[in-house]
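Here is the structure we will look at, set down as structure tokens.
Where a number appears in this text, it was derived from the coordinates with a stated rule and is not lab data. Model, not experiment: these values are computed from the prediction. No Cβ is skipped: glycine too gets one built from the backbone with ideal geometry, and neighbour counts run over all protein chains shown.
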């Protein structure tokens, strides 16, 4: 039995010996004391009457609160006659059980709830971190830490709120305030075994930035990075300037690629190289060159003088070695030095780098990389440039090869094409594959044929790697995790994904889900087939063998690239140098169009190029037509005009043809002629 709460002077209250809590925490007691001083006693105490002492009670639940009140009275923070609300128990046998229930059935607030509560106090009530710490008797550092957790990237905070990650994992992500970096690392680790490894998370966050002495940073320079909006995490008092972190990696990447691409173009012109690719690193990645053949060159024949000297050295070395075989021979220090000098001289004559003549260079593929000090240079190994269809001399289906003479003069325009960085080529590959994927998904019959072929091809050829697809229907890793262009193909893919019939996924067992899926209409199941096959396609930069198959698929699907994708500042022009952009203006409109924009700054020029090539600028009709049809080579599926009649398969079904599509019919040579 209980009576309503009554107000009792604190001096009439003592802790009951049946209270189950025997230990306490000084820090927690101090926090409780500060909370009562700041907010009063929010929750009443529970007690039983003391026999033969009217108005006195022993507290069975709330002993820590009572101790805090007594300490506050001793300090003068509360008056001596301070009254406390007490819920009185008339049955003394309830005391121990009530004490246990009050202490046992208590759920501590989660870290996420702490974060939200502190943030609300600051944003809604205008409290400071110091005020909150004082009012709750906690360290200000604890409040600041919780507030930093409150500013975690949304997916990470939601995981903390749902108890999907521990507080230590959340703290590891909070070591940086850059939510973009947090999200990128979260996405890269959440499906791996390292997702809950605090040390791995910290390493990934540190790796998602550049030191000031990184070759990219040395190439760009601190002033240029800051001027572009880049941010720097200051080094601590015991670090050097080289230890500071440049956290806006995408800004540094783009600046480095643009600067390196401009210098690569100059290197290409100076060295007379056929093609130059840019790698913003000190080494060329293995996957970039594994399918390429090295260009070995030819050894320069020795001159008569060199040949004679070679024979003299070899004879003298043989004489020294013969003397060394004699048991009575005692070598002297001068003999050892002479022998080493002869070996070095002979190596200088014989072991020389092979020469590559200008004709070989003109068709060679080279990579421009960075030295440790940020200086661009040509990688020591040249490669034989991959053969592509873009340079073929095929005639059209009518046997008319007159176009061959018309395109010869376009070689000058080809040689003037800007060098594209590796990142730009990968961006274009991603957008091109998005475009291919939406067309595959939109043609279920095509997707079925494609999927069947990939399956039997992999089974019969076992290790076949010519088909850029993972038939398991798992989406491959993105070439550039931090680049998500808002293209028309990407938007259409979202619509297609949202329209899929997912009524079957809610069944518990796999058998029930299978039966429910089979019960779907044919249209719903074929839509899932198209979706599953399309999402497996890899983004492959042009020039690799696998990219040819993607181009073949795009040609078969008759994709009008220009109708789906136009180059923008974000997806293309910002990654080129100003002279390279102006060369594109000249390509579609001649010297006059180039002069109109030659005085523009790089940023304004990229924006103007986006409008011009997007059809948003009023220009001469013929220039607008060429601008709207222009595409960078890596975004093309069909390299040249095909006017063949539509072929058919054995069943008589017409197959897609690209002959009547404007974009498939305009190559760089045709554009140069039109300009």
| said: Could you work out how much longer the chain between residue 508 and residue 345 gets when fully extended? Use 0.36 nm per residue separation minus the Cα distance between them, nm to one decimal. | reply: 50.8 nm
| request: On each of the three principal axes of the Cα atoms of the stretch 522-564, give max minus min coordinate, whole Å, ordered largest first. | output: 38, 23, 16
| message | How large are Rg and Dmax for the stretch 29-75 when calculated on the C-alpha trace, in angstrom? | response | 11.9, 36
| field | Span per principal axis, largest first, for the Cα atoms of the stretch 515-589 (Å) | value | 61, 25, 21
| Using only Cα atoms, what Kirkwood radius does the stretch 142-260 have, in angstroms? | 15.3
| field | Hull-based mean projected area of the stretch 304-350, where the convex hull spans the alpha carbons, in square nanometres | value | 3.2
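Ranking request for peptides 167-174, 195-202, 598-605: highest mean number of other beta-carbon atoms within 10 Å first, then the rest in descending order.
Details: 167-174: 19.8, 195-202: 16.0, 598-605: 13.1.
Highest mean packing first, the order is 167-174, 195-202, 598-605.
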